[in-house]
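In what follows, a single structure is set out as structure tokens and then discussed.
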Amino acid sequence: MSEQAALDGSSDLIPASWTDSERSEGSDFAGWTNFAATPYISFTHGERFATNHANDIAAAQYGLFEDVEAIPPGGIIAKPTFSVSDAGEALWQTLFLMEKAEAGQSPDTNDWIYTAIMPDGSLMGRTLGQNSDRMYFCAACHMGGGMDTDDLLFMEPEYRVRN
């Protein structure tokens, strides 16, 4: 069974644990623009399948991909990840979030707030918040690889929704 079929066949498109988490983005992202035509393996996110979603504030700029100028403050990118069981079921993993903060709010992360919500709904970490030290790797990777794209790293073109 393909990863898309597993995702489509999931009776629970958003795990209740994410919906019940302290972060509203745990459920909000499902209504945002999905820029992935199909799930793809994200090697930097645990080699899990992923899709990329952007809220209304971020969507116009994010959809420019490598031509992005800057995501406006309040823009959020969500990357839900999942694996596929031997039975072909989608098994939700970590939900990764990047939120653009106001200029100067988090200069060490180029004003991005990184958040990771675990499959059970617990907060793995959040920049400037709970377990902030666990989010350093996210910031370092994005700042190292996305200098010309507002610290954003994009999926390969073959996985992108085409306009």
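Odds and ends about this structure:
- If only the Cβ of Lys and Arg carry +1 and only the Cβ of Asp and Glu carry -1, the dipole of region 72-157 around its Cα centre is close to 160 debye.
- Among [x] 11.2; [y] 9.8; [z] 9.0, the entry derived from the coordinates for mean projected area of the Cα convex hull in nm²: [z]
- Among the trypsin sites (Lys or Arg not before Pro) found in region 94-163, those both in a DSSP coil and sparsely packed, with 13 or fewer other Cβ atoms within 10 Å of their Cβ, are Arg162.
- Farthest towards the positive end of the charge dipole of the chain, among the residues Met135, Ala30, Phe82, is the Cα of Phe82, using unit charges on the Cβ of Lys, Arg, Asp and Glu.
- The relative contact order of the chain comes to 21 percent, based on Cα pairs under 8 Å that sit 6 or more residues apart.
- Within the shell defined by Cβ-Cβ distances under 11 Å, the residues around Ala140 carry a net charge of -2, with Lys and Arg each +1 and Asp and Glu each -1.
- Its Cα centre serving as origin, the chain has a Cβ charge dipole (Lys and Arg +1, Asp and Glu -1) of approximately 100 debye.
No value in this document is a laboratory result; all are computed from the given coordinates. Because the structure is predicted, anything quoted here is derived from the model rather than measured. Here the Cβ is made from the backbone with ideal geometry for all residues, glycine too, and neighbour counts use every protein chain on show.
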